[in-house]
Amino acid sequence: SVYYPGLESHPDNTGGDSCLVAGAFRSGRDHPEDAEHMKQTYGGMIAFIVAGEGDVALERAKRVCEGLKVVNLAVSLGSVESLVEHPASMTHAMIPREDRLAGGLDDGLIRISVGIERGCDLVADLKNSLDRVMESEKNAGGGDTGERVYASKAF
């Protein structure tokens, strides 16, 4: 699952200028006439959930975050550089798993705050980390289980 307000699949993006997403993300467009020359953007936060349940998702997400080279692992997501966080093992680690899950916080959730780096570098970094996790699982498990860590079409 990928969560980004600019995607049509986002639950708050119902389309049109009156939906919650369009109202919340004005992209610096303070006046209606600004829309003529300022493209609509949806902020620099994106979240996704790696495949798997329980400890599998928890460990996969941690390894993905730790494997990034361009994006920095951090608890706080407010900076000029790109930052990544794994809430289940960082900010929400002290909350029992049952409570996290009941509150909608999946063990495999990864949050990224996109900074000023080149987009292609960020995508390559994330894809490389995901691929390394997949490859290490394939090698450790004695073969390909057919399960993917991520949906390749999301990238």
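Here are the numbers for the structure shown:
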quantity	calculated
Accessible area in the full protein assembly, largest first, 1.4 Å probe, for 36, 59	36, 59
25 °C / 0.890 mPa s Stokes-Einstein diffusion coefficient of the stretch 61-147, Kirkwood radius on C-alpha pairs, µm²/s	174
136, 1, ranked by accessible area, largest first (probe 1.4 Å)	1, 136
Percent of Cα pairs exceeding the 13 Å cut-off, where the set is the stretch 82-128	60
Charge tally in the Cβ shell below 10 Å around residue 59, where Lys, Arg are +1 and Asp, Glu are -1, residue 59 excluded	0
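The values are calculated or read from the model by the stated rules, or taken from the named source; none is laboratory data. All figures in this text were calculated on a predicted structure; none of them were measured in a lab. When we count neighbours, we look across all protein chains shown, and the Cβ atoms used for this are built from the backbone with ideal geometry, even at glycine. Areas reflect the complete protein model, heavy atoms only, side chains present, ligands, DNA and RNA absent. Shrake-Rupley method; radii C 1.70, N 1.55, O 1.52, S 1.80 Å.
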